[in-house]
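The values are calculated or read from the model by the stated rules, or taken from the named source; none is laboratory data. From a predicted model like this one, the values you see are computed outputs, not experimental measurements. Positions of Cβ are generated from backbone atoms using ideal geometry, with glycine treated the same way; all protein chains shown enter the neighbour counts.
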Amino acid sequence: MSKAKTTGNSEKRKPEKVSTPARGTHRAAGGELHQVAGGEHPALTTNQGLALSDNQNSLRSNPRGPTLLEDFILREKITHFDHERIPERIVHARATGVHGFFELTASLKKYTTARILTEVGEKTPVFTRISTVAGGAGSVDTPRDVRGFAVKFYTKEGNWDLVGNNIPVFFIQDAIKFPDLIHAVKMEPDRGFPQSATAHDTFWDFISLTPESMHMVMWIMSDRTLPRSLRMIEAFGVHSFRLINAAGESTFVKFHWRPKLGLQSTIWDETVKISGADQDFHRRDMFDAIAAGNFPEWEFAVQLFTQEQADSFPFDHLDATKLIPEEMVPLKVIGRMVLDRWPNNFFAETE
Ligand code: HEM
C-alpha cells in the first residue's frame, strides 16, 4: 500500500508527497511504531488517498482494551484483504482480454439513434474478453469448447456490452435449462473430471434428452471449437436485437464479427500436441501478437430485417437454436475493431 490506490472510478489520484524531516520509523506517545515517508518517497495512503503514518497498529479503547470500530483504516485494510479473491465464474472462467477500438465505417442512422452506430469515423474504446466456457480459470486454452467473445464498448452515451459466442446458435430455447446444461457440461460430480471438455457422459445424457440442442451440437463438433488462434475466430451476438430510429420505427438486427485473418482451426491431432506443449497457447499467441504490433482486426457486420420479413421466415428468429441464413438476409459490414493494447493488470482488467 505504498502508492495511492484508485478510487471507485477509473481516475487515478497522484500519490501525495509529504515533506517530513527524515525517512524512518518513530516511536509515538503510546510506544507504538509509526512509519514516516521521507523526501520524495510517496506517503502511505488509504484507498481514498489520505496520507497515513501507521497501518500496523489498530485503535483501541486502552492499550490492552478492545479494538474500536471507528478505526476506519483497520476496517479498510481488512475489507480490502477479505476481497482479494472473487469467486470464479461458473462459466467462461478462462479468458484472455485485450483493449482496442471500434470504428464505424457505415452509418445505421436510418435505423437507430445510438451514436456508436451512426457516427462514421468515430473511434470508440473497447475491451474484448475471449473465453472458453467449461474449464476453470487455470485450465488449458485448447479444449474442444465454444469460445465466448464479449465486447465492452465505452461509448459517449455509456457502456454497451455485446456478448457473443464463436457459434451463431445456442443449446437451449429456455433459459431455465441453462443450469442443467452447465452442470452436465462441467466435470462429472463423482470424479471431478474432465475439467474443460464437453464430450463426456453427463453431457451426452443431457443432449440425448434435449432435441433442440442438435443444431448447436453439429457446430461444436466442427473444427470451429478448435481455433488456431483467438485472432482467427468468428463471433456472433446470437440473439436478435431491436434498433429504433428517430421516427420510432423498429428494425431487427443480428451482429457478426469476422476476423481479418480469416477463420482458422487446428485439427484434433494438432490440438492434442499443442495442449501438451503449451497450456497457455492462445493467451501467449495473443500476447505475442500485440507485443509485436500484429494487432488483430475484425469486421463488424449486421443482418437487418423487418417485422414483416421476420413473419415470413419459416422459423422463429427469436429462437436461439436457429440462425438466419445469409442467403435470406445478407451481411452488411458497418465497422471494424482493432485490438492493440494488452492490460497492465491482468486480474483488474480481464477479471
Ligand atoms: C441461457 C441463459 C444463459 C445464462 C443463464 C448464462 C449465464 C452466464 C453466466 C453466469 C456467466 C458468467 C458471468 C460472470 O460471472 O462474469 C456468463 C458469461 C458469458 N456468457 Fe452466458 N449465459 C447464458 C447464455 C449465453 C448466450 C446465449 C451467450 C452467447 C450469446 C452467452 C455468452 C456468454 C459470454 C461470452 C460470457 C463471458 C462474458 C465475459 O467474458 O465477460 N451466454 N453467462
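The condition of being free of Cβ contacts under 8 Å to residues at least 40 places away in the same chain and in a loop (DSSP other than H, G, I, E, B) holds for only one of 343, 325, that being 325. Please work out if residue 310 is assigned to a helix (DSSP H, G or I) and at pLDDT 95 or above. So residue 310 fits the description; yes.
Confirm whether residue 169 is farther than 22 Å from residue 88 by Cβ, in contact (Cβ under 8 Å) with a residue 40 or more places away in the chain and aliphatic (A, V, I, L, M). Considered against the rule, which asks whether it is farther than 22 Å from residue 88 by Cβ, in contact (Cβ under 8 Å) with a residue 40 or more places away in the chain and aliphatic (A, V, I, L, M), residue 169 comes out as yes. Please indicate, with yes or no, whether at least one residue in the stretch 225-238 is among the hydroxyl-bearing types (Ser, Thr, Tyr) and loosely packed, with under 13 Cβ neighbours inside 10 Å. So far as the stretch 225-238 goes, no, none of its residues is among the hydroxyl-bearing types (Ser, Thr, Tyr) and loosely packed, with under 13 Cβ neighbours inside 10 Å. The set of residues in the stretch 250-277 that are assigned to a loop (DSSP other than H, G, I, E, B) and either of a type outside the set (D, E, K, R) or free of Cβ contacts under 8 Å to residues at least 12 places away in the same chain (or both) comprises 261, 262, 263, 264, 266, 267.
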